[in-house]
Amino acid sequence: MDRVEERLIEEVRKYDHLYNFSSKNYKDCQMASNSWRDISRNTGVEVAECMERWKNLRDEYARLRMKLATRSCDPGGQKEPAFYHLLSWLAPHVKYCETESHYDQTTSSEESTSSSSAESDTDPVESPVSRPKRKRKRDQDDWFVEQLVNLEERRVEAEQMLLQGDDECSRFGQTVADMLRRLPEDSVSEVMFEVYNLIHESRQNFCCS
């Protein structure tokens with residue numbers, strides 16, 4: 001893990017609505033977009049990259065947490081990476097991993113006694129019930145991140161268009177438009193035509209010179 005990702009984890013933690021499903025602002029796209037812009041400024045990384053890195057870190061933490069839970073009885077389990085401890089505060093918000101690991105342990109225990117118990121033959125049927133729910137949850141999170149990325153891209157495009165339109169000619173055009181609005185309504189068309197002809201003639205003269 002590099003220093004940027006460490007800083008990213010620290011910054012995301014400040015914004016509860018970005019990871020806490022129970023937050024009333026969790027689905028507020030505008031609020032999330034503003035928060036990601038703050039995180040981008042504080043980390044020096046583009047918004048889209050911040051969001052993508054966070055998604056990868058969150059998913060990797062969830063997978064590792066589930067794996068470690070299933071190996072909790074193994075004293076020789078794998079060593080926890082540094083980022084796992086940095087994300088320990090995220091534990092209450094990835095509870096589905098605990099459910100999944102609990103399911104895996106239960107199923108393993110039941111399968112070991114399947115030869116002597118008829119009930120164990122029906123237990124594995126429960127797996128398709130819980131897993132689709134977790135998959136839908138992950139799909140919803142991915143969709144939400146995608147919407148935020150799209151929202152940020154549209155915002156950047158809009159800002160670029162505004163910057164491109166904020167030149168001398170655009171300001172002059174806006175001034176002329178404001179002046180036209182103050183004229184009597186029956187004379188607006190005539191004045192617009194005269195202005196158009198003046199610009200057209202000037203353009204023709206420059207082209208021919």
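The values are calculated or read from the model by the stated rules, or taken from the named source; none is laboratory data. A quick note: this is a predicted structure, and the numbers were derived from the prediction, not measured. Reconstructed Cβ throughout: ideal geometry from the backbone, glycine too, with neighbour counts over all protein chains shown.
Report whether or not ASN20 is surrounded by fewer than 18 Cβ atoms within 10 Å (Cβ to Cβ) and free of Cβ contacts under 8 Å to residues at least 24 places away in the same chain. When the stated conditions are applied, ASN20 does not pass them.
Checked against the criteria, VAL12 does not count as part of a loop (DSSP other than H, G, I, E, B), out of contact with any Ser or Thr (no Cβ under 7 Å at 6 or more places or on another chain) and at pLDDT 90 or above.
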